[in-house]
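The values are calculated or read from the model by the stated rules, or taken from the named source; none is laboratory data. These numbers come from a predicted model, not from an experiment. Ideal geometry is used to build each Cβ from the backbone, glycine not excepted, and the neighbour counts take in all protein chains shown. These area figures cover heavy atoms from the full protein model, side chains too; ligands, DNA and RNA do not enter into them. Shrake-Rupley method; radii C 1.70, N 1.55, O 1.52, S 1.80 Å.
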Amino acid sequence: MAPLYREMNIQDYDGLLDLWKRTPGMGLSSADRKTAIEFFLDRNPGCSYITVETGKIVACLLAGHDGRRGYLHHLAVDPEFRQRGIGSKLVNISLDILKGMGIGKVHLFIYNDNELGKKFWAALVWELRQDIGIMSLAI
Ligand SMILES: CC(C)(COP(=O)(O)OP(=O)(O)OC[C@H]1O[C@@H](n2cnc3c(N)ncnc32)[C@H](O)[C@@H]1OP(=O)(O)O)[C@@H](O)C(=O)NCCC(=O)NCCS
């Protein structure tokens, strides 16, 4: 059976957390607690999607924007379902939605040692920026 793609909602949280926890390279923090994900989804309705196969979440992507740029977070595909085009389809769904909202550029964060992730994004013609770093402060 073909996998189903549908908009993410907060009732999906337990399945998402389970997938994120068993995905190497996924950096989880307090920003991934249920209330924070609910806040993110409420601020970015219609942008984040999941893939479901026989009732189980097998892939997901959080997407949103700040009114200026779009951002993608926590793309994960269950190892059993990789290299079938699911990751790229989720990305394309969210990019089409962000584009339709008037967003002209999208960014994402990737760990420097995530070689698989880099190959994936490069195949989708994303540019790994050499001119920008990230600076952070906990508040
Ligand atoms: C990266 C990830 C999301 C890819 O998902 P996927 O569903 O397997 O990707 P797709 O099948 O859509 O692949 C799209 C293209 O990416 C490239 N790609 C995907 N997996 C690859 C691999 N293991 N090695 C080399 N290239 C790969 C290929 O060019 C592929 O196109 P092709 O199949 O036509 O050759 C998945 O491997 C994953 O969940 N990784 C762990 C989490 C992670 O690193 N997420 C990104 C955080 S920034």
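Would you check the accessible area of Tyr13, probe 1.4 Å, heavy atoms only, in square angstrom rounded to 10?
Counting only protein heavy atoms, Tyr13 exposes about 20 Å² to solvent.
Probe radius 1.4 Å, ligands and nucleic acids ignored: give me the carbon and sulfur share of the accessible area of the stretch 4-123 as a rounded percent.
Solvent-exposed carbon and sulfur of the stretch 4-123 make up 51 percent of the total.
Ordering Lys21, Lys105 by accessible area with a probe of 1.4 Å, largest first, what comes out? Numbers along the way, then the final one.
Values: Lys21 150, Lys105 90 Å².
The ordering from most to least exposed comes out as Lys21, Lys105.
Which FRET efficiency value, to the nearest 0.05, do you get for Arg33 and Ser88 by plugging their Cβ-Cβ distance into 1/(1 + (r/R0)^6) with R0 = 30 Å? Please report the intermediate quantities before stating the final value.
Numbers: r = 29 Å, r/R0 = 0.96.
Taking R0 as 30 Å, the efficiency between Arg33 and Ser88 is 0.55.
Rg (Å, one decimal) plus Dmax (Å, integer) for the alpha carbons of the stretch 1-128?
13.8, 39
Restricting attention to the stretch 48-139, which GluC sites (Glu not before Pro) occupy a DSSP loop and are surrounded by at most 11 other Cβ atoms within 10 Å?
Values: sites: Glu53, Glu80, Glu115, Glu127; in loops: Glu127.
Qualifying residues, ordered by number: Glu127.
Can you sort Ser94, Ser29 by solvent-accessible area, 1.4 Å probe, largest first?
Descending accessible area places them as Ser29, Ser94.
Counting heavy atoms of the protein chains only and a 1.4 Å probe, report the per residue accessible area for the chain as a whole number of Å².
On the way: 8980 Å² over 139 residues.
Ligands and nucleic acids excluded, the figure is 65 Å² per residue.
Counting DSSP beta bridges in the stretch 59-139, what percent are antiparallel, to the nearest 5?
Looking only at bridges with both residues in the stretch 59-139, the antiparallel portion is about 65 percent.
At a probe size of 1.4 Å, how large is the accessible area of Lys99, to the nearest 10 Å²?
Result for Lys99: roughly 150 Å² accessible.
Assuming R0 = 35 Å, can you tell me the calculated FRET efficiency for the pair Val125 and Met1, based on Cβ-Cβ distance, to the nearest 0.05? List each step's numbers first, then the result.
Working: r = 31 Å, r/R0 = 0.88.
So, using R0 = 35 Å, E works out to roughly 0.70.
How many angstrom lie between the C-alpha centres of the stretch 1-32 and the stretch 85-139?
Distance between centres, Cα-based: 17 Å.
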